[in-house]
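The values are calculated or read from the model by the stated rules, or taken from the named source; none is laboratory data. Since the structure is predicted, the reported quantities are computational estimates derived from the model, not experimental observations. Here the Cβ positions follow ideal geometry from the backbone for every residue, glycine too, while neighbour counts run over all protein chains shown.
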Amino acid sequence: MSRWTLDDLSRLVDHTNLHADATEADMVKLCDEAKRYHFKMVAINQAQARFCSKQLAGTDIHTGAAIAFPLGQTTIAAKVFETRDALANGANEIDYVVNLTQVKEGNWEYVADEMRQIVAACDEAGVPSKVIFENCYLTDEEKIRLCEIAREVKPTFVKTSTGFGTGGATVEDVALMVAHVGEEVQVKAAGGIRDADTFLAMVRAGARRIGCSAGIPIIEEIARRMEAAGVDALEL
């Protein structure tokens, strides 16, 4: 178990707005909220990287661009270009979606090559990389094989879900990923995390980043619980 202050827990949150119809006003609101609650990152579509990075200039809050989102069905070259373009436009974290067709075909060399190239582009820029599995479409064996590839390639995180599939993060998937990805790669839980109990369960299971759009009510609820209990930290 580890000791978590309220700020520690806030710093796990990737504050998310990936809606196709999000406006610049929505992005300003997202960034202002991230600053107010001291979240770790805003998770946005790649086209909004420049705008959000300007909103967050001078802070320690990252701009996280989603690549090949949410389907992952573009070529490696397209994903690498999109990654480099996002970085050039101010993104300082990258979340990309694996090619699920190639996963289902068992074409693990392709999947590994894709991961290597995108992680390399992030490593060159000195920014965190996250590999989105979309676990709702995968067997446990496929999840484990992806974790094994990640253990070799060493992205910063592997991530459960886009939040746009048929299911989101589960405690069981987080635990499975933590067990197989190795000590040098962390796990991000995302998709369907809407309340404090689910958030805390993901942290207990080993998630070290939480992607959600409900970060504000979650952190406010945890703050109320901590105040009621007269504690300044939680043991999780």
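List the pairs whose first member sits in region 151-175 and is under 19 Å from G64 (Cβ atoms), whose second member is of a type in the set (F, W, Y) and surrounded by 19 or more Cβ atoms within 10 Å (Cβ to Cβ), and whose Cβ atoms are under 7 Å apart, counting only residues at least 6 apart or on separate chains? Every condition considered, the pairs that remain are V158/F133; K159/F133; T160/F133; T162/F69. Contact map, region 188-210: residues that are among the acidic types (D, E) paired with residues that are part of a helix (DSSP H, G or I) and surrounded by fewer than 24 Cβ atoms within 10 Å (Cβ to Cβ), Cβ distance under 6 Å, separation 6+ or inter-chain. No pairs are found.
Could you check region 107-127 and list, in sequence order, the residues that are touching a helix residue (DSSP H, G or I) at 6+ places or on another chain (Cβ under 7 Å) and either hydroxyl-bearing (S, T, Y) or not in a helix (DSSP H, G or I) (or both)? Result: Y110, V127.
Cβ-Cβ distances below 7 Å connect the following pairs, each with a first residue in region 211-229 that is under 16 Å from D7 (Cα atoms), a second residue that is of a type in the set (G, A, S) and part of a helix (DSSP H, G or I), and a separation of six or more residues or different chains: I218/A196; I219/S10; E221/A196; I222/A196. Taking the conditions exactly as written (at pLDDT 95 or above, over 23 Å from N45 (Cβ atoms) and not in a loop (DSSP other than H, G, I, E, B)), does A150 satisfy them or not? It is true that A150 is at pLDDT 95 or above, over 23 Å from N45 (Cβ atoms) and not in a loop (DSSP other than H, G, I, E, B).
Counting the residues of region 158-173 that are surrounded by 24 or more Cβ atoms within 10 Å (Cβ to Cβ) and within 11 Å of K143 (Cβ to Cβ) gives 3. Remark: E33 falls outside the filter, which requires a residue to be over 27 Å from M226 (Cα atoms), in contact with a strand residue (DSSP E or B) (Cβ under 7 Å, 6 or more places away or on another chain), acidic (D, E) and at pLDDT 95 or above. In region 13-32, the qualifying residues are those that are touching a residue at least 60 places away in the same chain (Cβ under 8 Å) and out of contact with any helix residue (DSSP H, G or I) (no Cβ under 6 Å at 6 or more places or on another chain), and the one that is nearest to F164 (Cα to Cα) is L18.
When you check K54 against the structure, is it surrounded by fewer than 16 Cβ atoms within 10 Å (Cβ to Cβ) and either under 23 Å from A22 (Cα atoms) or in contact (Cβ under 8 Å) with a residue 24 or more places away in the chain (or both), yes or no? When the stated conditions are applied, K54 passes them.
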